[in-house]
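The values are calculated or read from the model by the stated rules, or taken from the named source; none is laboratory data. Remember, it's a predicted structure, so these values are computed and weren't measured experimentally. Cβ placement follows ideal geometry from the backbone for every residue including glycine, while neighbour counts extend to all protein chains displayed.
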Amino acid sequence: MKRKKGALPIAWTAAVLLGLAAGVAVLFLTHAGQAAEGLGQLLGYAVSSVGRLGAALRFAAVLMLLGLGCYVSASAGGTALGVPGQFIAGAAAALLGAALNQWGLCLLLGAAAGCAWGMLPRLFRGHAAGAAVLLDWAAYFTADALLAGLPFQPGDKAARLAAVHPGAMPPALGGSFVNAAVPVALACAAAVWFLIRSTTLGYEIRACALNRQAAWNAGVRVNQRETLAAGLCGGLAGLAGGLFFLLDASTYALSGALPSVAFYAVPSALLGMAHPLAAVGSALVVAWLRSGQTALNKLIGQQDARLVAGAALYLGALALLAWRGMRRGK
Amino acid sequence: MSEYSLEMAQVRKRADGQWILEDASLQVRKGEIHGLLGDGGAGKTMLMQILAGLCRPDGCVTAKRNGQITSPGSGAWRKGIGWIPADRGLVDGYTGYENFLLGGRMDKTLRQRAAELQRRYGLMDVPLDVPAGRMSAYERMQVTLLKCLVWQCDVLLLDDVWRMMTCQQKEAFSALLQTLAREGKTILISGGEPRDMMAWTDRCTVLRDGKTVKTVSTALTDAASLEELMTGTDEAWTPDKLEIAPGSVVLEVRDLRVPGPDGRKPLINGVSFEVRAGEIVCLTGNDGGGQEICAEALMGLRPLARGRIRLGGKIITRASTRDRMRSGISYMPAEENGLLPDAPLSDSLVLHRYWDLAMQDSGVIRKRAVRSYAADLMEDYEIPGDSDSPARFLPRQDRLRALAARAVERERELLIAVRPTEGADRQTAWEIHQDILGLRESRKAVLVITRDVEEVKALADRIFVMNGGEIVAELDPALTTEEEIGLLMTTGLRQEKYGRMTEEDE
């Protein structure tokens, strides 16, 4: 029996379409009178102006990095449990490094902090999952405490950061709507794809997930490779955290931002966990729907708009998960 | 009232894209010992799991329990059925008594009933206060059986329990089953050899390629006929072993000691032996005897507390696993520990040489070279299918062939093979044995780690028996019976000859 090569793209597309259909169904059921207008806004708002398209792409870049982190973690058999903590650690490090006034350095600091936060739970060996959850909370409170003394504070948003440390913000490319964050995320996707699918290191990381004992018997240093994958996942999540808060965060109080990002990041990661390209595509779809949801907020209210977007995103992600589960069980 | 306790007709079951059972039928009478015989991959374990209610069939024309039509796997079906697998029947961290509670209810009289049953069936030696993880495989199986008796199961399904028993244990266990059958228990036992079935069972159902071939009364047949029914041929599948004088020492192991976890008793202690060119040495023992730990230590997978390993005159005691492979050791782990089930088969085939310069360039895998190598290997060793298909979609026999092909194709100085034919049918086992004997003829050294005494007898030029992490005997296969090997494996009695050798060494 041979697996069909095009099965994943077809399943991914079907899952996205199924999710969209579910969102549209919810929209029709809850607001039948405004459904047509709502649908137009949901799908068309992101491309209705260059500014909105740019904002959607910036958010997509963050989601791409989170999805790639989850992909790396899944490749090594991990669960990506500590990603929120790594995201926050990366954000905090990037914001603290804003004083350097170098956006590249800020992002590197974010990636390094996320990487360290990702590797930390591995020190606890058998209790890595519990440690990852505890470290999420540790990152959350430590970051809030550390950021309290910064010159740019909640309320003034990115404008204040731009005024205090303008060099810390990733610039728009050549004055266009495409921000530097987008090529950074795409470059990471290409690097991750190459690393996991084409190098001996990636082969070793995948072998650990596919049969840990067989990898060990082949002389692969299993613990080291799993720790490296956890660090890579953390690094990507930390980079995402840095980008998110240096770009256009609505607040520097991390406690407010995390649930909002997680709402979109979870389905994006689930949809993109199977392949780096899926991570890129999922991030674009999720960011596109998130942009449409902001328009829906005004039309049908924030709660109902979230319900519509949630149905679209989560049902699509769950459909893909179910497909992968069935395929594995066959 | 029906004379049958269990009846199933035309059972079908598909897994991993293959039909494991296509047309299996079985009728087990009340109070009989019924054998389920078949070659590796015939579908015995799957049928047993379906009978135990652990998985549901994809199709089944008739399913009756005590003459009543009952849905397989339902509560009514499972009531009174005791499942005794070869291993993994117990939770490692629980004691025997604690394991009794799994699937049963809290009962104050449990210990008392267990003690009564132990006295009645002569199972006083079964350690019920010890965590299952510290028991031998045979003890675990006995505890599982005792658990079924405590919970008053009237049908006992024993799956492939033979492979963990020595000749002496088989005799004692056979007597116990006869007693249980006389008391009215229905016993279905799978696996084993035709001669075991002849000695143990009243009737025997033979499976081949997922189909029931025939049910026969063992009083009216013989082992050769059963063998023929199993394989569908009268071929003997005896490996051709030539007389070869061993050459120089290839592997020299001296005083190997592997520390136990948390500084407890060492896993292996004072192990010394040699393997010469053109020689097959078998390291055998019961589960927990230490022979597989020894193989892992030789491959550099276990830290050593003491000892020295020399390969072709070069000390490799501290070399990494990869360096040992580069130095000329080929490793064939047991099937479950050797392949990457969800990755393309080509990934599994290069697992022990992906670091080779032919397969990678500066850390980048040469995908074309990997595919071409895998395709050539599959063609040479007649492994059907596509190298891009996941390994788990291959039948088990082909997976074993793939593992053997990966290990023997480069004809390195030393092959270490762990349970190379476990689960193999007659033909596959013969093919793998021929590959191993081919290495011997090419003057390579081979170390086989197995608990299959017949395999030991078929391959070995010298036999080392391990028990409790130590070598207790060195035997000449021409002068040793299977019974003697079994006795040394279970009792751990140190053979006089080996004892003297150890003293001289020291």
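Details
- Listed by first and then second residue, the pairs with beta-carbon distance under 7 Å, at least 6 apart or on different chains, first residue in segment B:291-303 and over 21 Å from B:S136 (Cα atoms) and within 11 Å of another protein chain (Cβ to nearest Cβ), second in a helix (DSSP H, G or I) and basic (K, R), are B:M299/B:R324; B:G300/B:R324.
- Looking only at segment B:370-386, residues that are within 13 Å of another protein chain (Cβ to nearest Cβ) and within 15 Å of A:Y203 (Cβ to Cβ) come to 1 in all.
- Test result for B:I309, buried (at least 19 other Cβ atoms within 10 Å of the Cβ), modelled with pLDDT of 90 or more, more than 30 Å from B:M378 (Cβ to Cβ) and within 14 Å of another protein chain (Cβ to nearest Cβ): no
- Those residues of segment A:1-32 which are within 14 Å of chain B (Cβ to nearest Cβ) and either touching a helix residue (DSSP H, G or I) at 6+ places or on another chain (Cβ under 6 Å) or at pLDDT 85 or above (or both), in sequence order: A:M1
- Residues that are basic (K, R) and either without any contact (Cβ under 8 Å) to a residue 12 or more places away in the chain or part of a helix (DSSP H, G or I) (or both) within segment B:149-190 comprise B:R163, B:K170, B:R182, listed in sequence order.
- Restricted to segment B:264-299, and to residues there that are of a type in the set (G, A, S) and buried (at least 22 other Cβ atoms within 10 Å of the Cβ), the residue that is modelled with the lowest pLDDT is B:G289.
- Flag for B:A358 being surrounded by fewer than 20 Cβ atoms within 10 Å (Cβ to Cβ), away from chain A (no Cβ under 12 Å) and closer than 18 Å to A:G202 by Cα: yes
- Positions within segment B:331-355 being within 7 Å of chain A (Cβ to nearest Cβ), within 12 Å of A:N217 (Cα to Cα) and surrounded by fewer than 23 Cβ atoms within 10 Å (Cβ to Cβ), in sequence order: B:N337
- Which numbered condition B:Q427 misses (of (1) of a type in the set (S, T, N, Q); (2) touching a residue at least 24 places away in the same chain (Cβ under 8 Å); (3) closer than 22 Å to A:A207 by Cα): (3)
- Checked against (1) out of contact with any strand residue (DSSP E or B) (no Cβ under 8 Å at 6 or more places or on another chain); (2) part of a helix (DSSP H, G or I); (3) within 20 Å of B:Q49 (Cα to Cα), B:R113 passes all but a single condition, namely (3).
- In segment B:295-311, the residues that are among the charged types (D, E, K, R) and assigned to a helix (DSSP H, G or I): B:E296
- B:G328 in contact with a Gly (Cβ under 8 Å, 6 or more places away or on another chain) and either within 13 Å of chain A (Cβ to nearest Cβ) or of a type in the set (A, V, I, L, M) (or both): no
- Helices (runs of 4 or more DSSP H) enclosed by segment A:1-83 - at least 2 residues per element that are crowded, with 20+ Cβ neighbours inside 10 Å and touching a Pro at 6+ places or on another chain (Cβ under 8 Å): A:50-75
- Per the listing B:R56, B:R65, the residue uniquely over 30 Å from B:R134 (Cα atoms) and crowded, with 21+ Cβ neighbours inside 10 Å is B:R65.
- Here segment B:312-329 is the region considered, the condition is being among the hydroxyl-bearing types (S, T, Y) and assigned to a loop (DSSP other than H, G, I, E, B), and the residue that is nearest to B:E252 (Cα to Cα) is B:T317.
- Filtering segment B:14-54 to residues that are within 14 Å of chain A (Cβ to nearest Cβ), of a type outside the set (D, E, K, R) and in a strand (DSSP E or B) leaves B:A15, B:Q18, B:W19, B:I20.
- Complete set of residues in segment A:192-221 that are in a helix (DSSP H, G or I), surrounded by fewer than 23 Cβ atoms within 10 Å (Cβ to Cβ) and among the hydroxyl-bearing types (S, T, Y): A:S198, A:T200
- B:I84 meets all of the listed conditions (1) modelled with pLDDT of 90 or more; (2) on the phi > 0 side of the Ramachandran plot but one, namely (2).
- Flag if B:R451 is under 22 Å from the mean Cα position of the chain (by Cα), among the basic types (K, R) and either under 16 Å from B:D287 (Cα atoms) or outside the structural domain of B:A297 (by TED's automatic domain parsing) (or both): yes
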